[in-house]
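We did not get these values from a lab; they are worked out from the coordinates using the rules stated. Since the structure is predicted, the reported quantities are computational estimates derived from the model, not experimental observations. Every residue, glycine as well, gets a Cβ built from its backbone with ideal geometry; the counts of neighbours run over all protein chains shown.
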Amino acid sequence: MKKNILILAAIALFSCKNDKADNAMQSEVQTYLDSYNKEYKRLNVLVNETSWQMQIHIVEGDSTNAIANNKAQEEYAKFTGSTANINMAKKFLEHPDGLTELQLKQLKSILYKAANNPETLKDVVTARIKAETKQTENLFGFDFKIDGKSVSANDIDAALSDETNLAKRRKAWESSKEVGKGLKTGLAKLRDLRNKTVQGLGYKDFFDYQVSDYGMTTEEMLAMLKQFNKDLYPLFRELHTYARYEYAKKYGVKEVPDMLPADWLPNRWGQDWSSLVDVEGVNLDAAVKPKGAEWIVKQGERFYVSIGFPELPKTFWEKSDLYPAPAGANYKKNNHASAWHMDLDKDVRSLMSVEPNSEWYETSHHELGHIYYYISYSTPEVPYLLREGANRAYHEALGSLMGMAAMQKPFMENLGLIPKGTKSDEMQTLLKEALNYVVFIPFSTGTMSMFEHDLYANNLPVDQFNKRWWELAAQYQGIVPPTVRGEEFCDAATKTHINDDAAQYYDYALSYILLFQIHDHISRNILHQDPHATNYYGNKEVGKFIQGIMKSGATGDWRKLLREKTGSDLSAKAMLEYFNPLMDYLKEQNKGRKYTMPALK
């Protein structure tokens, strides 16, 4: 008996010593993390402010903002990539058992961020930062012209959306691609610098580095993307066939081409064909045009507030840049919509060029999704280091979710954008949605992601950039250029993300899969409504569910979060079920038509 008591006492003493050791270790780690987070926040403010100025006010020949941003980026890189921080994080990670999950997450995040800016490759990092700044200036400062007259990106998009004269369409499309010529050399330089940077901390290449943020290997990510593309291929094949014949009819072309000419499509990269279909009784463009651009953004805020989110901070309206640059302005701005978390806390902003049409109506709801995600996880429980989405795709998914919800018929009836009880062809509505969401999958999983994989992982030769881009567009999207595009062009680089959100376009593909999975759960389990006809507006339970996903930021495992919230792993099942009613309709429409979409490899 006495022996047993002595043994128990020894165990208790050992346990007590271990607890004290763990507490001491946790305390030491927390002191380091608190210090890191404080400086990390300060540097994010510096980088974001200088980058913001660089993108809202671009003056040809004036590099003041670019120089300031370069300096800020270099200071950020020096801190996040410092050998001291790398060694400290590695040292603490050698003894993970005594640390909390939150501490482990932060230490791993420190090493991930360090890999993009290692001090041991200071010259390479500095060169990369300068090259990135220069590429951004060249991209957003470009003067688009049609027939010698300067036009905006919005003007080009409007022409591709509405123009039926094929000669005029081609001019608009070709104008949109001119910017790529001056970006090709910069893209090749950035590829080399980005690869060298991350290889310093053991990553194979920049694509491998970006994928690792999901806790996946390149091979696992590519397999997932190919599976999603395979899942949706039968439906996309029907849509491709339908579109070829309908566009030929629209443009008065008698001989239907086997591949879709890129200048026939309403989007510069062929990623959205939805304007091909007009749903009778539902004309959102006509409804929002008289309301004006400001109404669109304000209405987005009202939607989020209606489901339980707070009003946007006053500074959002004061500091955001939401509308096109004034006519005749002596500067240009980045026309690509984006959301900004300036200080990783309360300063949130959006950069857009909103005009009163249906595309900006949906885009504004999407961008505000990012803003409300920022607000939701900016709490004391989430360290600055982890104020990010559960993964990058979550950020895109939740914004797109709200954009889609705002386009559904009951929602629009509720707002008075269409009369209550409006009769419309539900199959045409579903077709219009598929020409957006389904058509996007082969572009994002295929053309974009496979090009960037080849660019970074396979060191795609510079003299094959354009050739490879169009090979992939044909293979995955069934799209070809209207004329021969030689290697003097770099059509891939005309897509913003190829330049400044590199090697992560699969985020958007995964976000669409997530979107339908989350929407299906909300529709069936919270609203108890048909997923094709929902109204989120004013439903606080919907808002509570969405906030429950947002508020944890990147503090947990994204797979576990998805299982907890929806009851299943990431899967295209919900998306397939949503569009399943369309298959029989399209097969009927395509009877007697020639199928030419390439088989999957």
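Structure notes:
- Which of Leu43, Asn65, Pro118, positive extreme of dipole for the stretch 2-141 (C-beta unit charges): Pro118
- Charge dipole (debye, nearest 20) of the stretch 2-141; +1 at Cβ of Lys and Arg, -1 at Cβ of Asp and Glu: 680
- Using a cut-off of 26 Å between Cα atoms, the listed pairs Lys540/Lys565; Lys108/Lys560; Lys298/Lys346; Lys130/Lys495 include none that exceed that distance.
- Label sites at His532 and Met216, each approximated as a point 7 angstrom past Cα along Cα to Cβ, lie 3.0 nm apart.
- For Leu166, net neighbour charge (Lys/Arg +1, Asp/Glu -1) across residues whose Cβ lies under 11 Å away: +3
- Arg524-Glu381 pseudo-label distance in nm [points 7 Å out on the Cα-to-Cβ vector]: 2.8
- Taking the stretch 2-141 and dividing mean pair separation by its residue count, relative contact order in percent (alpha carbons under 8 Å, at least six apart): 29
- Amide H contacts of Cys490 (H built 1.01 Å from N, in plane; Pro and chain starts excluded): Gly180, Lys181 sit under 5 Å, all sequence-distant by 5 or more or on other chains.
- Extension reserve of the Thr164-Thr100 stretch, reckoned as 0.36 nm per residue once the Cα distance is removed: 16.9 nm
- For Lys289, a cut-off of 13 angstrom between C-alpha atoms picks up these aspartates and glutamates, skipping any fewer than 8 places away in its own chain: Glu355, Glu359.
- Karplus-derived HN-Hα couplings along the stretch 182-187 (A = 6.51, B = -1.76, C = 1.60, θ = phi - 60°), whole Hz, x at Gly and Pro: x, 9, 4, 4, x, 5
- Dipole of the stretch 221-589, positive direction: furthest Cα of Val439, Gly403, Ser338, with charges on the beta-carbon: Gly403
- Checking (i) 3, 15, 26, 28, 17, 6, 2, 1, 1, 0; (ii) 3, 15, 23, 25, 19, 11, 3, 1; (iii) 3, 12, 17, 17, 14, 11, 9, 7, 5, 3, 1, 0, 0 against the coordinates, the calculated P(r) over Cα pairs in 10 Å bins from 0, in percent falls under label (i).
- Relative to the dominant Cα principal axis of the chain, helix 426-441 is inclined by about 60°.
- Annotation: amide H-H contacts under 5 Å for Val480 (H modelled 1.01 Å from N, sequence separation of 5 or more, or interchain): Leu260, Ala262.
- Amide H within-cut-off set for Ile146, under 5 Å, with H built and near neighbours excluded: Val151
- Projected label distance in nm at Glu60 and Asn87, using a 7 Å step from Cα toward the beta-carbon: 5.0
- Contact order relative to length of the stretch 39-94, as percent, for alpha carbon pairs under 8 angstrom and 6 or more apart: 39
- To the nearest ten degrees, helix 2-56 and the longest principal axis of the Cα atoms of the chain are 40 degrees apart.
- Gain in span if fully extended, Lys420 to Asp22, counting 0.36 nm per residue against the direct Cα distance: 137.0 nm
- Lys, Arg +1 and Asp, Glu -1 on Cβ, resulting dipole of the chain about Cα centre, debye, nearest 20: 680
- Between 0 and 90°, nearest 10: helix 64-80 axis offset from the chain longest Cα axis: 40
- Applying a threshold of 24 Å to the alpha-carbon distances of Lys41/Lys551; Lys189/Lys319; Lys168/Lys250; Lys113/Lys177 flags Lys189/Lys319; Lys113/Lys177 as lying beyond it.
- Using C-alpha pairs below 8 Å separated by at least 6 residues, the relative contact order for the stretch 243-401 is 18 percent.
- Of all aspartates and glutamates in the structure, the ones whose alpha carbon falls short of 16 Å from that of Lys226, not counting any fewer than 8 places away in one chain, are Glu452, Asp454, Asp507.
- Proximal charge balance of Lys601 [Cβ under 15 Å; K/R count +1, D/E count -1]: +2
- Stretching the chain fully between Lys544 and Ala327 yields a gain of 73.9 nm (0.36 nm per residue, less the alpha carbon separation).
- FRET efficiency for the Lys346 to Glu75 pair, using the beta carbon distance and R₀ = 25 Å, is estimated at 0.65.
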